[in-house]
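The values are calculated or read from the model by the stated rules, or taken from the named source; none is laboratory data. Note that the structure is a prediction, hence the values are computed from the model and not measured. For neighbour counting, all protein chains shown are included, and Cβ atoms are generated from backbone atoms with ideal geometry for every residue, glycine included.
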């Protein structure tokens, strides 16, 4: 155990040097990391949100809504197809969505086969069954439902990204997690209420006509005419209606918007918008045919404004008035620019740390690390003398290696992660302690220094490996179980176990061996 | 210069194994106490597992807890707990899980923020919805369980099944007593506590393995020594190492406990307890238990790690 071949010595020194190089940028105050590729030295340890301050949000995409909407569109397709069936229309009743299927009952048994043919042609991804009583059940195939969900999650991530980008948050992380979740990490955001409010709206905007033939009173009493819908007004001012009866048919939808900006009209905040060519044409046609009638601008099933069409709007652009504040006009414009979410999002988990606490945590972590380090180092020298000093030098390299590894892997350092490093400082000494104690025993039974040290290293090695591997198991399970900060702890613990084994077995030994050769001591000072 | 001071002098002959019944009695009482505390008082689960809202706020001057309490209880959010946190300007606000789905929780956060206004600094806001809380509970239990099983298998593989039995009993002892401690003092049991429990498991088993290693070595070396005497000798031989490692680890943990900030204090507390109890259990529980599991002597050792008869010594 006491021979160090030149290449082995070089290797040990090289690893220590690498640790130093990778760890060095963390000592500099300036941040060069943006110019440096991953894995190259020059990156600092990336701090977790609990240290740098920021917001962690776990969102869920409510995918049931996606399937339901798809079925709703099948239902309206069925209505149209049965009404317009050739040679004559097919009578039906009890149409609607229930559970995970669209259902309709065909009145006349003679129409069953014809209806089946029509329904099957509607959506190639749907399965149609018609029973003897004429009840048709239309469900999506498992594949189709799955595809729809996947597409919805992907689209949601894209929309979330656009909305977050619009708010000016720097370097957000947006990741898909599991089947229906999105993980958002927003460094520097200490009050995520606005972002949560922005993400809490699907922002589906539609332009529809108001059903002027319907009576609001009847509708409020539950008698809504077919093809129309009773919608709440969002934020109605004094003297304004609280509800409107709006036609279901969508004249133009928000998908056709290409731009939206907040602006002012008569000193009131408004949102100006512009349609793409298709949307502009449709909007022009609708407004031309309905001059003098009110139309409704509906956002997420709430009517935000009901202007009366004064003249055909052919330029493809317009403004939305409503009871906006500057901030809400801003946000609406942002939402319209970023596009609608395919399904609502809910926040499942939030962890936000303000910059004050983050800075305090870093400070506390530093103080705890330094004090822990000093205590342990002093103790080691008191207990093992010169060998304790060797162990302490190795400990410094150990910490450099941990920091270097964290920087190189771009693992996230969290507050529990700092605890992991401090703990490693204590536990790292274990390997040294095992070796030193063994050397003491060998000295006691009368071996020469050389022989005692050799035997000490040799015999302690299996024990070191056995005992460290078990701690490593615990760290691995911790990693697989934990969320953000705890994962950080597991990472530093695992890295610390590996580097402390290396430094105790290789670095301390290199020092001990060099000392042995130079001094050729007659007794081991341990 | 640098004359080492030996805390534990060489050649101690403490009677650990012969006095094992005292330790067994102590541990039995500790287990009973932990379980009673666990089932009567129960754990004070943090929002990580129970769901709910936690906010850490800092006020400009010393915090006026009664005013904050009455402001927040006026919001009708159910159980609201207000507590000083670390310093007298810092307040920890805990709000029970709101009825309804996740949206209801968001409404509650907004309500608290608007009630407290913008004069206070919101240092931390944590919200865990019911879904995630349940998941974290399951994942935590699973992680602890899997860690125990993998450690058991590893010890079985490296030693013999008898050792694994001793180790796992000692380990369960440590984990149960740590959880029992948290039930007793009613400190919050959260993700960090589970992390501490898993780390304690790693640390405790590390300690046990070191003593077992020596024990196995001695089993081969002294084929005719009485087991009880041999166990006692092995513990005494490794006693200095056991103490030294526990002390360096405890020093580091004390630094975290006193200087690492309020967030880490409970984690450090659990670990400090764990290191003490883990050290105790390796010496007083894991090894003496081997007397009762029909341990075979070294000849049948399946791993074949043998002590070299003639060590080659480096020529320097």
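Identify the residue in the stretch B:115-135 that is in a helix (DSSP H, G or I) and facing chain A (nearest Cβ under 7 Å) and, among all such residues, is surrounded by the most Cβ atoms within 10 Å (Cβ to Cβ). Steps first, answer last, please.
Of all residues in the stretch B:115-135, those in a helix (DSSP H, G or I) come to B:115-116, B:130-135.
Going one step further and asking which of them are facing chain A (nearest Cβ under 7 Å), we end up with B:131-132.
Working: B:131: 17, B:132: 24.
For the stretch B:115-135, the residue satisfying everything is B:132.
Going residue by residue through the stretch B:46-60, is there one that turns out to be away from every other protein chain (no Cβ under 11 Å), surrounded by fewer than 12 Cβ atoms within 10 Å (Cβ to Cβ) and closer than 27 Å to residue B:94 by Cβ? So far as the stretch B:46-60 goes, yes, one or more of its residues are away from every other protein chain (no Cβ under 11 Å), surrounded by fewer than 12 Cβ atoms within 10 Å (Cβ to Cβ) and closer than 27 Å to residue B:94 by Cβ.
When residues in the stretch B:75-114 are screened for being more than 11 Å from every other protein chain (Cβ to nearest Cβ), without any contact (Cβ under 8 Å) to a residue 24 or more places away in the chain and more than 34 Å from the chain's Cα centre (by Cα), 2 of them pass.
Tallying residues that are loosely packed, with under 13 Cβ neighbours inside 10 Å and either within 14 Å of chain B (Cβ to nearest Cβ) or within 20 Å of residue A:304 (Cα to Cα) (or both) within the stretch A:195-214 yields 1.
Restricting attention to the stretch A:479-492, does a residue exist that is at pLDDT below 85, facing chain B (nearest Cβ under 9 Å) and closer than 20 Å to residue B:211 by Cα? No; the residues of the stretch A:479-492 include none that is at pLDDT below 85, facing chain B (nearest Cβ under 9 Å) and closer than 20 Å to residue B:211 by Cα.
To keep it simple, each residue is scored yes or no on (1) farther than 30 Å from residue A:45 by Cβ; (2) more than 7 Å from chain B (Cβ to nearest Cβ); (3) part of a helix (DSSP H, G or I).
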residue	(1), (2), (3)
A:360	no, no, yes
A:366	no, yes, yes
A:387	yes, yes, yes
A:395	no, yes, yes
A:398	no, yes, yes
A:406	no, yes, yes
A:428	no, yes, yes
A:439	yes, yes, yes
A:447	yes, yes, no
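Going residue by residue through the stretch A:81-91, is there one that turns out to be in contact (Cβ under 8 Å) with a residue 12 or more places away in the chain, over 13 Å from residue A:139 (Cβ atoms) and out of contact with any helix residue (DSSP H, G or I) (no Cβ under 8 Å at 6 or more places or on another chain)? No, the conditions are met nowhere in the stretch A:81-91.
Only a single item in (1) away from chain A (no Cβ under 14 Å); (2) in a helix (DSSP H, G or I); (3) farther than 22 Å from residue B:27 by Cα is not met by residue B:225, and it is number (2).
Matching residues to (1) in contact (Cβ under 8 Å) with a residue 24 or more places away in the chain; (2) at positive phi; (3) out of contact with any strand residue (DSSP E or B) (no Cβ under 8 Å at 6 or more places or on another chain):
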residue	(1), (2), (3)
A:475	no, no, yes
A:478	no, no, yes
A:481	no, no, yes
A:488	yes, no, no
A:492	yes, no, no
A:497	yes, no, yes
A:500	yes, no, yes
A:507	yes, no, yes
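Residue count for the stretch A:318-328, restricted to those that are touching a residue at least 12 places away in the same chain (Cβ under 8 Å) and under 27 Å from the mean Cα position of the chain (by Cα): 1. Among residues of the stretch A:329-358 being surrounded by fewer than 21 Cβ atoms within 10 Å (Cβ to Cβ) and either without any contact (Cβ under 8 Å) to a residue 60 or more places away in the chain or facing another protein chain (nearest Cβ under 8 Å) (or both), the one that is nearest to residue B:136 (Cα to Cα) is A:346. For the stretch A:138-186, give me each residue that is surrounded by fewer than 17 Cβ atoms within 10 Å (Cβ to Cβ), over 16 Å from the mean Cα position of the chain (by Cα) and in a strand (DSSP E or B). Within the stretch A:138-186, none qualify.
The condition (being within 30 Å of residue A:395 (Cα to Cα), more than 8 Å from chain A (Cβ to nearest Cβ) and in contact with a helix residue (DSSP H, G or I) (Cβ under 9 Å, 6 or more places away or on another chain)) is satisfied by just one residue among B:201, B:270, B:286, B:252: B:270. Scanning the stretch A:449-467 for residues that are facing chain B (nearest Cβ under 7 Å) and within 43 Å of the chain's Cα centre (by Cα) turns up A:462, A:463, A:466, A:467. Within the stretch B:239-275, which residues are at pLDDT 95 or above and touching a strand residue (DSSP E or B) at 6+ places or on another chain (Cβ under 7 Å)? The answer is none; no residue qualifies.
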